[in-house]
Amino acid sequence: MEHNYGADNIKVLKGLEAVRKRPGMYIGDTNIGGLHHMIYEVVDNSIDEAMAGFCDTINVTLTRDGSAKISDNGRGIPVAMHPTEKISAATVVLTVLHAGGKFDKDTYKVSGGLHGVGVSVVNALSKKLVLDIQRDGYCWHEDFAAGIPQNELSQGAATKKTGTCVEFWPDDSIFEIVVFDREILAKRFAELAYLNPKITINFSDERDGFKKSYHFEGGLTSFVTDMNKTNALSKAVSFCGGEDDVIVEFALLYNESYSESLLSFVNNIKTPDGGTHEAGFRAGLTRAITNYIAANASAREKDTKITGDDVREGLVAVISVKVPEPQFEGQTKSKLGSSYVKPITQKMVFETLVKYFEENPNEARAIMNKALLAARGREAAKRARDLTRKKDNINSVGTLPGKLADCQSKEASECEIYLVEGDSAGGSAKQGRDRGFQAILPLRGKILNVEKSRLDKILQSEEIKNMITAFGCGVGEEFDENRLRYHKIIIMTDADVDGSHIQTLLLTFFFRFLTPIIEKGYVYLAQPPLYLYKKGKKKIYLKDERALNEFLIETGIESREFEGVGEADLIDYLKLVAQYRSMLNELKKRFNIISAVRHMIENPDLIGLPYPQLFDEIKAKIESDGFNILNSYLNDDEIRIYAQTANGLEELVISDLLFTNAIFEEALHIHSKMKERGLDLGSDPVAILDEIEESAKKGADIQRYKGLGEMNPDQLWETTMNPENRRLLKISIEDMQKASDIFELFMGDEVEPRRDYIQAHAKDVKHLDV
């Protein structure tokens, strides 16, 4: 088989001008998604080399100066003169839209880079790009700026290696954000390693020293096994085969959950919107399981009608197809449209599962029973939905929940409904609202956690039934967005840990069963104030402690003057001091002798000292504060000092536990920003801030609300419900899969992953409400 890959293989389709003017056409957007798409485009080229059999290692590095460097050990981009463009073929690939080896069927049978715009678009949208190639016995180098070559491709030192290295700096005049998110990239690299088990992807982040290699010999079998987060009902089934140049690979298993988790890929490109390969997979799966039920279920069970949704309950699956010339929707390739892929995929999935069921009767029966149970649950859910459905037109109030105080308007775009925690707050909200367009539905306590229940049980919950009935749009198979009675659904809870839990339970319900309502931007969180400041006739509501601090600063400095310091600069500086004081107060909860801890923050050179020297410095500081040191210990990795302070006997422990604490690091950062301002107020800035705030508090009454029920109707209207004054937080979904994973992690049945997460992130907690 001939594998020549030279300048003649690079086909040109012309044109690059529009990329910088309309980048969204090529990378989706200029925000976080488009930024990472730049890396994916370059990595996909290396993956294509791997699929062609010429690459097994890809290195990705995020550098300290903001660039991304991607290298591989493939053949290297051709460097010879292009036959029609009369410049190096490598330069053509980097500067001409629709140029690359993907258009030449002899070079790449299948590839993720379909349109040949990938690396040229990356070049066009980078303020700087450096290309290094190892090929034809030499190293080659070329520099680009905003897509324009800064020199010709130059030949360097001799080498026996081959490969390509692209390093680029995203253009901050185009992108809204240019800081790469490691977690997003790591997830994608793990996927690529699962999909290509012969490849190793080495990922490093120079910004903090992170390094990880991704290599999975088990391929898709490992993928679905690792995706599974609960008890499995079956072992993983996997298959790989081909027909008419289409390669189909899939793996699946079943677990005890009530949801489906399916990922699909075409030529290693994730297709979140599915397409013909997913449709074929689902059709083959449904046919295989319904046939098995028809042949093996009891006479009574055979009468149960099974749907595609039923057979996918508890399914964990990955399908990956390799297609020579796939038809996608757009450059971001979110959905496959090639119709011929569906029958091929359907046939292979059906035949594989029929054989699997014959060879594994116990697991086949477990999967059959799972589908039958899901079907019975669906029928029960339908009966429960019938109880919540209104019997006449959608605006009828005859069958609405008794607790609902509906609004007078029947125009959904004008109407809003408040889901209010507790009957007491619900009563105040009903009295304080504008009856014309505001409806109130009080909720008693915490609703059912829908992440742990099937729909039929969920619909037996009185609070959830009330919400569904009030919304009017139905749920599940009968969901109809056009019947939604309110275009603002506002969750209003207390600003405490219980209120946050209720918010989370409600958002879990919306995400799992009313996703389109969130996607349309109809779901909001109310932001009730925590504080009321009253002085004379002056009355100000303040959202939280930070807003209170800022208000007290602005009010208190009216009676103070600092020579050579402008009012605006002083306010900004004192706001930083307030943040610093807040960090010190948080540290005080975790570490003793806070004056010594503060001394290290304000003298950061001490942190780098050897422990014996730091030991002497800290002891001297504690003694200078007038505290009596009773005992002290110095070890290689720890300092312990026991002192009699104004608070009694206190123990200060200085170790990595202190220096790596997230609050300590944040305090260091804020104090460095304070020093950058260069303001000298003559004494301790925290003490000055305290004096200024006390001045603002003199003669004032500051009330802290513990709950909504403490507000009378007028206050609730004025602060939280009046559209002219209120603050609402709109709920949106940036990454559907990531959001799903988070809900599963925090609200699901499995305790172990949740505990691991809490232990891993415990040091990042700044405020803990217990």
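The values are calculated or read from the model by the stated rules, or taken from the named source; none is laboratory data. This one's a predicted model, so the numbers in the text were calculated from it and none came from an experiment. Heads up, the Cβs are rebuilt from the backbone with ideal geometry, glycines too, and the neighbour counts pull from every protein chain shown.
Quick look at the values:
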| read-out | value |
| --- | --- |
| Exclusive hit being buried (at least 16 other Cβ atoms within 10 Å of the Cβ), assigned by TED's automatic domain parsing to the domain that holds Phe664 and in a helix (DSSP H, G or I), set Ile601, Ile553 | Ile601 |
| Checklist (1) in contact with a strand residue (DSSP E or B) (Cβ under 9 Å, 6 or more places away or on another chain); (2) under 17 Å from Glu243 (Cβ atoms) applied to Glu313, failing item | (2) |
| Residue match in the range 525-534 (condition: of a type in the set (A, V, I, L, M), buried (at least 21 other Cβ atoms within 10 Å of the Cβ) and over 19 Å from the mean Cα position of the chain (by Cα)) | yes |
| Within the range 614-701, helices (runs of 4 or more DSSP H) holding 3 or more residues that are under 13 Å from Ile593 (Cα atoms) and hydroxyl-bearing (Ser, Thr, Tyr) | none |
| Residue check, Val475 touching a residue at least 24 places away in the same chain (Cβ under 8 Å), within 29 Å of the chain's Cα centre (by Cα) and closer than 18 Å to Phe743 by Cβ | yes |
| Residue that is under 17 Å from Val19 (Cβ atoms) and either modelled with pLDDT under 90 or in contact with a Gly (Cβ under 8 Å, 6 or more places away or on another chain) (or both), where the choices are Gly147, Gly112 | Gly147 |
| Criterion (among the hydrophobic types (A, V, I, L, M, F, W, C), touching a residue at least 12 places away in the same chain (Cβ under 8 Å) and over 22 Å from Asn549 (Cβ atoms)) met by exactly one of Leu689, Leu609, Leu652 | Leu652 |
| Enumeration of residues in the range 702-725 that are buried (at least 16 other Cβ atoms within 10 Å of the Cβ), assigned to a loop (DSSP other than H, G, I, E, B) and either in contact with a Phe, Trp or Tyr (Cβ under 9 Å, 6 or more places away or on another chain) or acidic (Asp, Glu) (or both) | Tyr705, Met711 |
| Those residues of the range 146-177 which are aliphatic (A, V, I, L, M), surrounded by 16 or more Cβ atoms within 10 Å (Cβ to Cβ) and either outside the structural domain of His37 (by TED's automatic domain parsing) or assigned to a strand (DSSP E or B) (or both), in sequence order | Val166 |
| Selection count where residues are out of contact with any His (no Cβ under 8 Å at 6 or more places or on another chain), buried (at least 19 other Cβ atoms within 10 Å of the Cβ) and part of a loop (DSSP other than H, G, I, E, B), scope the range 496-523 | 1 |
| Residues of the range 199-243 satisfying the condition of being more than 23 Å from the chain's Cα centre (by Cα), in contact (Cβ under 8 Å) with a residue 40 or more places away in the chain, assigned to a loop (DSSP other than H, G, I, E, B) and not assigned by TED's automatic domain parsing to the domain that holds Asn59 | Leu233, Ser234, Lys235 |
| Qualifying residues in the range 359-390 (those that are touching a Ser or Thr at 6+ places or on another chain (Cβ under 6 Å) and modelled with pLDDT under 85) - the one farthest from Asp456 (Cα to Cα) | Lys390 |
| Within the range 715-753, considering residues that are hydroxyl-bearing (Ser, Thr, Tyr) and under 14 Å from the mean Cα position of the chain (by Cα), the one modelled with the highest pLDDT | Ser732 |
| Meets criteria (small (Gly, Ala, Ser), more than 28 Å from Ser695 (Cβ to Cβ) and touching a residue at least 40 places away in the same chain (Cβ under 8 Å)) for Ala526 | yes |
| Only listed residue being closer than 29 Å to Arg207 by Cα and either among the aromatic types (Phe, Trp, Tyr) or modelled with pLDDT under 80 (or both), chosen from Gly28, Gly66, Gly76, Gly15 | Gly28 |
| Restricting the range 500-522 to residues that are over 19 Å from the mean Cα position of the chain (by Cα) and of a type in the set (Phe, Trp, Tyr), the residue that is modelled with the lowest pLDDT | Phe513 |
| Scope the range 564-584; condition in a loop (DSSP other than H, G, I, E, B) and of a type in the set (Val, Ile, Thr); matching residues | Val565 |
| Qualifying residue in the range 393-410 (condition: of a type in the set (Gly, Ala, Ser) and at pLDDT below 75) | yes |
| Test: Val266 is under 30 Å from Gly118 (Cα atoms), surrounded by 16 or more Cβ atoms within 10 Å (Cβ to Cβ) and over 30 Å from the mean Cα position of the chain (by Cα) | no |
| Hits in the range 45-84 - residues which are farther than 14 Å from Gly163 by Cα and not in a loop (DSSP other than H, G, I, E, B) | Met51, Thr61, Leu62, Ala68, Met81 |
| Which listed residue, of Arg282, Arg287, is more than 26 Å from the chain's Cα centre (by Cα), surrounded by fewer than 19 Cβ atoms within 10 Å (Cβ to Cβ) and not in a loop (DSSP other than H, G, I, E, B) | Arg287 |
| Some residue of the range 28-41 being touching a helix residue (DSSP H, G or I) at 6+ places or on another chain (Cβ under 8 Å), more than 21 Å from Pro272 (Cβ to Cβ) and not hydroxyl-bearing (Ser, Thr, Tyr) | no |
| Residue list for the range 327-347, restricted to those being out of contact with any Phe, Trp or Tyr (no Cβ under 8 Å at 6 or more places or on another chain) and modelled with pLDDT of 85 or more | Gln327, Ser338, Ser339, Tyr340, Val341, Lys342, Pro343, Ile344, Lys347 |
| Leading residue by the ranking (farthest from Glu49 (Cα to Cα)) among those in the range 80-92 that are touching a helix residue (DSSP H, G or I) at 6+ places or on another chain (Cβ under 7 Å) and surrounded by 20 or more Cβ atoms within 10 Å (Cβ to Cβ) | His82 |
| Number of positions in the range 267-279 that are assigned to a strand (DSSP E or B) and either aromatic (Phe, Trp, Tyr) or over 20 Å from Met38 (Cβ atoms) (or both) | 1 |
| Residue, farthest from Gly314 (Cα to Cα), within the range 436-466, restricted to residues that are among the hydrophobic types (A, V, I, L, M, F, W, C) and over 28 Å from the mean Cα position of the chain (by Cα) | Phe437 |
| Answer residue from the range 142-198, given it is over 19 Å from the mean Cα position of the chain (by Cα) and β-branched (Val, Ile, Thr) and is nearest to Ala124 (Cα to Cα) among those | Ile148 |
